[in-house]
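In what follows, a structure is listed as structure tokens, so that the remarks can point back to it.
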Amino acid sequence: MVIGLDCAAPELVFGQFKDDLPTLRRLYEGGVYGELESCIPAITVPAWSVMMSSKDPGTLGIYGFRNRRDYTYDNMFIATGEYVKEPRVWNILSDAGKRVVLVGVPQTFPTQPINGVMLSCFLTPTLENGFTWPQSLADKVLELAPRYQVDVKNFRTPDKDWLLQQIWDMTEMRFEVLNYLQESEPWDFFMWVEIGIDRMHHGMWSFMDPRHRRYEPGNKYENAIREYYKLIDAQLARMLSRIDDNTVVLVVSDHGGKKMDGGICINEWLWRNGYLALQEAPPEDQFDAEGRRILTPFTKVEVDWEKTIAWGAGGYYGRVFLNVEGREPHGVVKREDYERVRDELAERLKAIPGPNGEDIGTQVFKPQEIYQRVRGVAPDLIIYWGNLDWRSVGSFGHGGIYTFENDTGPDDANHATNGLFILYDPRQPQSGREIKGRQLMDVAPTLLDLMGIRVPPDMQGRHLLGE
């Protein structure tokens, strides 16, 4: 049984909340555990597919939720499961005759035939688009859990009471279905992922973390995240009480969570520093009737591509694309100058200080240096602003290159580079041994080995318990 907790933070599970999570604590005190380094970028898509295929994002050709389809300027696609071309653990197990149950695992929409049953993930537009395999399972799911949902829509909202109700309702419905499937379906491999922790972190982190700039001691939501982890833990106890002594339990998260200090306006900086040319200056210092800035998305400005060297994208991490001659339609960066321009830009981006002139520790990555292969259309540079203390903001109108309001709605947290794992094998009890230095791609080979299936030689990870 693989228990996926999207965005679960090791310092909370193994530290701050440990006395409130007896089920998880029993697992790691009787097994092995540790931090699990995420991929770059440390984001739900592609992290779960990286984990379950043991292939890096470059090999998968998936660099985030939205990706460039080609080298034109505006042809993007959302990386649903149909874009994952490498086999994942459940494909290999199905082919080997093992029976599989999957619920909510990212990049499982659209559903595909497997030897078992599948409920799709948060990328499902609506339940009417089809969210189960086989399709006939949908009626039973909605009979059991009539308010079943794959995600909380609009989780970036100022209405925190509404958000909490939505997340709790979604989670309770999910466990209704999980308990039914656990009891009614035969399975060799049972995996599910709860997206609710991620939504709680993004929506509620400032109420919990004294280091967050908006934290207020004693606020009414101070324990909201803790209470949600307790809900998960209690529901886990119910599920685990029904498994036998031959069932190995693996708890994993794809990345962690951390406070978000603000945003760096990447396109604003590129424009002000001569890398991005616009037909006319973007509107600034415009406010609506409630005093909020009126922002202009990058897609709404007129770019002068024949004079543009680079442009960027927003998100929890930054992406910069160079406008290369012979590659992009109106490319201006000559091939022989590509690496020089890329290096220059990388150094300048790393040197952008914080609002008070401080070094914030930004990291910049070249895909060719961090991936085994680079498929599809990768960013030319991937940026962790302030080592993910800051997010990337692509819009204009913030009055400068820094913003403390998120342009896609209220958001308190960014992703941290390390998630977690707990491996509990009742056949080989351990004494709570911590293992260091493990990463996402180590999960798939471990699972296949535990299931007695040969590990494909092109998997990039190693066994979690290996030397």
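The values are calculated or read from the model by the stated rules, or taken from the named source; none is laboratory data. All of these numbers come straight from a predicted model, not from anything done at the bench. Glycine gets a Cβ as well: all are built from the backbone with ideal geometry, and neighbour counts include every protein chain shown. The accessibility values were calculated without ligands, DNA or RNA, using every heavy atom of the protein model including side chains. Shrake-Rupley method; radii C 1.70, N 1.55, O 1.52, S 1.80 Å.
Worth a mention:
- Note on the chain: with neighbouring protein chains present and a 1.4 Å probe, carbon and sulfur make up 46 percent of its accessible heavy-atom surface.
- Length-normalised contact order of the range 76-220 in % [C-alpha pairs under 8 Å, at least 6 apart]: 22 percent
- Ranked by solvent-accessible area (1.4 Å probe, protein heavy atoms only, all chains present), the residues Thr299, Thr247 order from largest to smallest as Thr299, Thr247.
- Take the range 294-428 with all the other protein chains still there, run a 1.4 Å probe, and you get 42 Å² of accessible area per residue.
- Prolate/oblate/rounded call for the range 3-162, Cα gyration tensor, a/c under 1.5 rounded: rounded
- Heavy-atom accessible area for Lys307, with the other protein chains in place and a 1.4 Å probe, reaches approximately 140 Å².
- Principal semi-axes of the equivalent ellipsoid, √(5λ) from the alpha carbon gyration tensor of the range 189-317, are 43, 22, 12 Å from largest down.
- With a 1.4 Å probe rolled over the protein heavy atoms of all chains, the accessible area of Glu328, Glu284 falls in the order Glu284, Glu328, largest first.
- Heavy-atom accessible area for Trp305, with the other protein chains in place and a 1.4 Å probe, reaches approximately 50 Å².
- Accessible surface, per residue, of the range 38-169 when the full set of protein chains is kept, probe 1.4 Å, Å²: 39 Å²
- Taking the centroid of alpha carbons for each part, the range 189-265 and the range 113-137 are 25 Å apart.
- Computed from backbone phi with θ = phi - 60° and the Karplus coefficients 6.51, -1.76 and 1.60, the 3J(HN,Hα) list for the range 37-50 is 5, 6, 7, 10, x, 7, 8, 3, 9, x, 4, 5, 6, 4 Hz; x is used for glycine and proline.
- Angle in degrees between helix 160-184 and the longest Cα principal axis of the chain, rounded to the nearest 10: 40 degrees
- Share of alpha-carbon pairs per 10 Å distance bin for the range 12-75, given as whole %: 18, 31, 27, 16, 8, 1
- Here the calculated FRET efficiency for Met76 and Glu290, from their Cβ-Cβ distance with R0 = 25 Å, stands at 0.20, rounded to the nearest 0.05.
- For the chain, diffusion coefficient by Stokes-Einstein and Kirkwood Rh (Cα), 10 °C, 1.306 mPa s, µm²/s: 68 µm²/s
- Taking every C-alpha pair closer than 8 Å and separated by at least 6 residues, the mean separation divided by the residue count of the range 1-113 gives a relative contact order of 20 percent.
- Hydrodynamic radius (Kirkwood) for the range 402-452, which is based on Cα pairs only, to one decimal in Å: 14.9 Å
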